[in-house]
Amino acid sequence: MTTTPTAVPTTTAVAGGIGTSPLRPDGIPKVRGEFAFSGDLHEEGMLWGATVRSPHARARILSIDPAPALAIPGVHAVLTQDDVPGRKTCGQAVKDQPVLADGETRFWGEPVAVVAADDAETAARAAAAVAVRYEPLDALTDPGEAERQGSVFRTMHVVNGDPDRRGEVVVEGYYETGTIDQAMLGTEAGLAVPDGEGGVDLYVATQWIHEDHEQLYASLGVEPGAARIHLSGIGGAFGAREDLTLQIHLCMLALHTGRPVKMVLDRAESFAAHVHRHPSRMWYRHEADPDGTLVRVEAKLIFDGGAYQTTSHAVIANGAYFAMGPYHCESVDVVGIATRTNNPPNGAMRGFGAVQVCFAYEAQMDKLAAALGMDPIDLRLRNALDAGDRLPTTGQVIEGAFPVAEVIRSLAAMPLPDAGPGGDPRHLPGGAGLTTTAADIRRGVGFAVGFKNIAFAESFDDYAEARVTLTPDGLLVETAAAEVGQGMVTVLQQIARTATGIEQVEVAFVDTAAIGSAGSTSASRQTQMTGGAVLEAAEAVRDEALRRAGGGTLSGEGVLRDGVVVATLADVLAEGPITELVRFRHPPTTAPSETGQGDLHAGFSVAAHRAVVDVDPDLGLVRVVQVDTAQDVGKALHPAALVGQLEGGILQGVGMAVMEELRIDDGVVRNASFTDYLLPTILDAPDVEAVLIEEPDHWGPFGAKGVGEPPTISSTAAVVAAIRDATGRDLTRAPVRPEDVAGV
Amino acid sequence: MIRLTVNGIEHTAEPAGAESLLATLRDRLGLAGSKDACEQGECGSCSVIMDGELVCSCLVMAADADGSEITTVEGLAPAGELHPVQRALVEAHGVQCGYCTPGFAVAAAHLFEREPSPSADDIKEALSGNICRCTGYGAILRALTGLAGEEP
Ligand code: FES
Ligand code: FES
């Protein structure tokens, strides 16, 4: 074999490559009920865990008596803070959250103790029997009061441009958004199996096993290699699985009892266990020249972080950096504050800080258009940013594609649906209950544009590892990235196929001991990050295979020259294995200056939504008829899965617009169930038409951008704008409640 | 002790107290295909067909199911095959995380058994008790309207 390639390596056209929509490899097991989610795991001799949680928003723990629980036959352990073998606290950036309550509980639902018993029912009884004496303390639950007291996690002050610049036309507004739950369908669940040598294997549904691992082994007080995390089937995530919930608890119980321990949270507990989308209070002032040129935006944002930090520092940063939308502006002054209170902790949820501000700045843009006597779409187009422009907040020059105007124009050009609800009562607001009549319906149309960054920011060392190995039958891709349902597993196969010409690609999700971090499945980053790593690794594997065969083109049959197989994959491997491990990094970002300036973000994506609603203004009933979208996707790697992200993200935005909110009184959640926390059903789902804008990204594989979050950013704003259009009411709070629509 | 015929196979089980049919299926009979996402009858992920009726198995006391015939997602099609609704869901990309999928498959199979060519509105009514948090329902609706020979 020659050692120098004789030609530029190429690949054969391959079925199931990028740009097509192959079936997902886990689809058939899932539709048969054979796919094992983390709650489906079973191990011989396993115990069941349960958690004792604080019933108070804030209380001193006077005593914890495990005796009544231990007296129940079949109960094997009751563990508290004293039993945490290693670091007693956990958290992503700041380790401020006790693994189990440290003498004071700081939010409703905070874990106080954990138990293990022979079965789930006994474990639940044991948890109820642990005698905890609390002395309730005054809870700080008002974010405004927290700000006054200086109880904050992070204060941002983003300042840019001439502070004295003033516009002739001024609009001000105050906006609020509620606390929103991810409501992923699979609740938190996992299984910890002790290895008999002081170590433990944890099988769990999470978004980033390596981050979990760092927190886990530190709190277990073991060597990193003695705690291994394996991804198990994940029933959705949307940010809810970024922070630890039951991971350390399960491993503590398993190591303590020497038995496998399984835990599955019920829905009420799940609401208590994971973080939520930050509720927000936002004041805005927009100033423009009479021709519609936006010249100054001032904003003050308060996002309540709740009791522990989790990702509040990053969520409020996003709020501040993206506070004025994808628009030009000469002068910007944004204050963003993440408060610390005794509300349940808030953190990551799809859109991550960009959602709340979009609701406010797009309402402001409509208000400004009205004050200017301008068409709201023209106002947005007039101020639209483009690639090469500077973001008015951070001053960063936007690299890669940023087709804001094209997104707006494409969406505005889409046809609107038929004029009215028609004669079928099932198409009226309120549905077939005949609560309203077609004559009472007013239709409204609303438009909104939103954007956010992709991947991690502010100088974070963000990378993803993937390994690609040539086998006699095809390719093996190994990664620790979390497939949460979004379809990354298929996209990785497609990328490897197109890079190599080999159709047979198996994706293996491997544990923390087997490969380095893929980073988090969040920030819309895995298609670009793990996808980028797989692309580089697959190309290197291809090049080595061709080098060994003396050039040609690669395919699943082997290396071809003039259409003839000159070496099978097995022949190529006769010299030894071909395997490539790649650690992929996106272009570096910088840390922010004191005024929030810098090249803080690796890339951006923009989307717009246009909502059509039918409203009965007297009864306060809303039916979201249609939500159309245009989205900047770089390159559609898997068009069908991409549309699935748009439709799913839009419906979450619809939920936040008209029905979803966690109701919290004095720190206590009042609706922690699917009966009381309303989620959109298929009857609530609007029709969706989508235009995909494909302008290649500067670093995503084949020019692709992450697509998961933009669908959720401006869809809420568009729906509420449509309800404003139908009713003429201000509607400054999301979700919009029936009483807001009816004005009672 | 109760007797159940599940997917054509007779079982006996000893549910504890007010144990739900869902818990008996999952934890005693090893049929983990039916999922548990709310235990309140709100999400449909536990859907099974009991004596011809579509039920949320989380709301049925196992003791009350004594003597009944149950079809779960595992029994929709013979081993190694797919029920047409299962095939349609996979091929139309109606599966993302898949946690809701068994419930949708059972509810859709039950619908098509009664009504081989349902309209889009019929499909929506029939599936309104099943929550999916991932897909926004678009691909699920396309799958089933396609099966019914309807435009979505
Ligand atoms: S688990 Fe039965 S309806 Fe939700
Ligand atoms: S596919 Fe995830 S809940 Fe439906």
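Within segment A:211-226, which residues are without any contact (Cβ under 8 Å) to a residue 40 or more places away in the chain and open to solvent by less than 10 Å² (accessible area, probe 1.4 Å)?
If the condition is that a residue be without any contact (Cβ under 8 Å) to a residue 40 or more places away in the chain and open to solvent by less than 10 Å² (accessible area, probe 1.4 Å), then A:212, A:216 are the ones that fit.
Please go through segment A:194-207 and give me each residue that is outside any loop (DSSP other than H, G, I, E, B) and either crowded, with 23+ Cβ neighbours inside 10 Å or within 15 Å of ligand 2 (Cβ to nearest atom) (or both), ordered by number.
Once the filter is applied, which keeps residues that are outside any loop (DSSP other than H, G, I, E, B) and either crowded, with 23+ Cβ neighbours inside 10 Å or within 15 Å of ligand 2 (Cβ to nearest atom) (or both), segment A:194-207 yields A:200, A:202, A:203, A:204.
Please determine whether any residue of segment A:495-516 is within 14 Å of chain B (Cβ to nearest Cβ), assigned to a helix (DSSP H, G or I) and in contact (Cβ under 8 Å) with a residue 40 or more places away in the chain.
Scanning segment A:495-516 turns up no residue that is within 14 Å of chain B (Cβ to nearest Cβ), assigned to a helix (DSSP H, G or I) and in contact (Cβ under 8 Å) with a residue 40 or more places away in the chain.
Please tell me if residue B:97 is modelled with pLDDT of 95 or more, more than 7 Å from chain A (Cβ to nearest Cβ) and within 27 Å of residue A:655 (Cα to Cα).
When the stated conditions are applied, residue B:97 does not pass them.
Of everything in segment B:26-41, what is more than 7 Å from chain A (Cβ to nearest Cβ), assigned to a loop (DSSP other than H, G, I, E, B) and open to solvent by 50 Å² or more (accessible area, probe 1.4 Å)? Give them in sequence order.
B:30, the sole residue that qualifies.
Residue by residue through segment A:207-238, note down the ones that are touching a strand residue (DSSP E or B) at 6+ places or on another chain (Cβ under 7 Å), within 14 Å of chain B (Cβ to nearest Cβ) and among the small types (Gly, Ala, Ser).
The answer is A:232, A:233, A:235.
Could you please find all residues in segment A:30-43 being crowded, with 17+ Cβ neighbours inside 10 Å and at the interface with chain B (Cβ under 8 Å from one of its Cβ atoms)?
Those that are crowded, with 17+ Cβ neighbours inside 10 Å and at the interface with chain B (Cβ under 8 Å from one of its Cβ atoms): A:30, A:31, A:32, A:33, A:35, A:37, A:39, A:40.
Could you please let me know if residue B:23 is aliphatic (A, V, I, L, M), at the interface with chain A (Cβ under 10 Å from one of its Cβ atoms) and within 16 Å of ligand 2 (Cβ to nearest atom)?
So residue B:23 fails the test.
Residue B:78 versus (1) open to solvent by 40 Å² or more (accessible area, probe 1.4 Å); (2) within 16 Å of ligand 1 (Cβ to nearest atom); (3) not hydroxyl-bearing (Ser, Thr, Tyr): which is the lone unmet condition?
So residue B:78 meets the others, but not (2).
Within segment A:597-626, work out how many residues are more than 19 Å from the chain's Cα centre (by Cα) and assigned to a loop (DSSP other than H, G, I, E, B).
8
Residue B:12 - would you say it is modelled with pLDDT of 95 or more, farther than 21 Å from residue B:95 by Cα and either crowded, with 17+ Cβ neighbours inside 10 Å or more than 8 Å from ligand 1 (Cβ to nearest atom) (or both)?
Criteria met by residue B:12.
Inside segment B:70-105, can you point out the residues that are under 11 Å from the mean Cα position of the chain (by Cα) and of a type in the set (Asp, Glu)?
Across segment B:70-105, the qualifying residue is only B:74.
Limited to segment B:115-152, what total is found for residues that are within 19 Å of residue A:428 (Cα to Cα), among the hydrophobic types (A, V, I, L, M, F, W, C) and either within 16 Å of ligand 1 (Cβ to nearest atom) or surrounded by 20 or more Cβ atoms within 10 Å (Cβ to Cβ) (or both)?
Residues flagged as within 19 Å of residue A:428 (Cα to Cα), among the hydrophobic types (A, V, I, L, M, F, W, C) and either within 16 Å of ligand 1 (Cβ to nearest atom) or surrounded by 20 or more Cβ atoms within 10 Å (Cβ to Cβ) (or both) within segment B:115-152 amount to 3.
Select from segment A:274-305 the residues that are surrounded by fewer than 24 Cβ atoms within 10 Å (Cβ to Cβ) and out of contact with any Lys or Arg (no Cβ under 9 Å at 6 or more places or on another chain) and list them in ascending order.
A:279, A:289, A:290
Among A:690, A:672, which is the only one that is under 27 Å from residue A:634 (Cα atoms) and open to solvent by 10 Å² or more (accessible area, probe 1.4 Å)?
A:690
Kindly establish whether residue A:492 is open to solvent by less than 40 Å² (accessible area, probe 1.4 Å) and under 30 Å from residue A:217 (Cβ atoms).
For residue A:492, the condition - open to solvent by less than 40 Å² (accessible area, probe 1.4 Å) and under 30 Å from residue A:217 (Cβ atoms) - is met.
Show me the strands (runs of 3 or more DSSP E) entirely contained within segment B:44-147 in which 1 or more residues are within 26 Å of residue A:484 (Cα to Cα) and touching a strand residue (DSSP E or B) at 6+ places or on another chain (Cβ under 8 Å).
Where strands (runs of 3 or more DSSP E) fall fully within segment B:44-147 and carry at least 1 residues being within 26 Å of residue A:484 (Cα to Cα) and touching a strand residue (DSSP E or B) at 6+ places or on another chain (Cβ under 8 Å), they are B:47-50, B:53-56.
On the given criteria, is residue B:39 within 16 Å of ligand 1 (Cβ to nearest atom) and at positive phi?
Yes: the conditions hold for residue B:39.
Here are some residues: A:81, A:92. Which one is of a type in the set (S, T, N, Q), more than 14 Å from chain B (Cβ to nearest Cβ) and more than 29 Å from the chain's Cα centre (by Cα)?
Only one candidate passes the filter, namely A:81.
Look at residue B:52 and say whether it is more than 8 Å from chain A (Cβ to nearest Cβ), within 14 Å of ligand 1 (Cβ to nearest atom) and among the small types (Gly, Ala, Ser).
no
Does residue B:69 satisfy the criteria of being touching a residue at least 24 places away in the same chain (Cβ under 8 Å) and facing chain A (nearest Cβ under 8 Å)?
Judged against the criteria, residue B:69 is not a match.
Any chance segment A:148-163 includes a residue that's closer than 23 Å to residue A:243 by Cα, open to solvent by 10 Å² or more (accessible area, probe 1.4 Å), at pLDDT 95 or above and part of a loop (DSSP other than H, G, I, E, B)?
yes
Take the residues of segment A:570-596 that are of a type in the set (Asp, Glu) and either assigned to a strand (DSSP E or B) or in contact with a Lys or Arg (Cβ under 9 Å, 6 or more places away or on another chain) (or both): which is farthest from residue A:547 (Cα to Cα)?
Of everything passing the filter in segment A:570-596, A:580 is farthest from residue A:547 (Cα to Cα).
The values are calculated or read from the model by the stated rules, or taken from the named source; none is laboratory data. Everything quoted here is computed from the prediction, not taken from an experiment. Neighbour counts run over all protein chains shown; Cβ positions are idealised from the backbone, glycine included. Accessible surface is based on the protein model in full, side chains and every heavy atom, while ligands, DNA and RNA are left aside. Shrake-Rupley method; radii C 1.70, N 1.55, O 1.52, S 1.80 Å.
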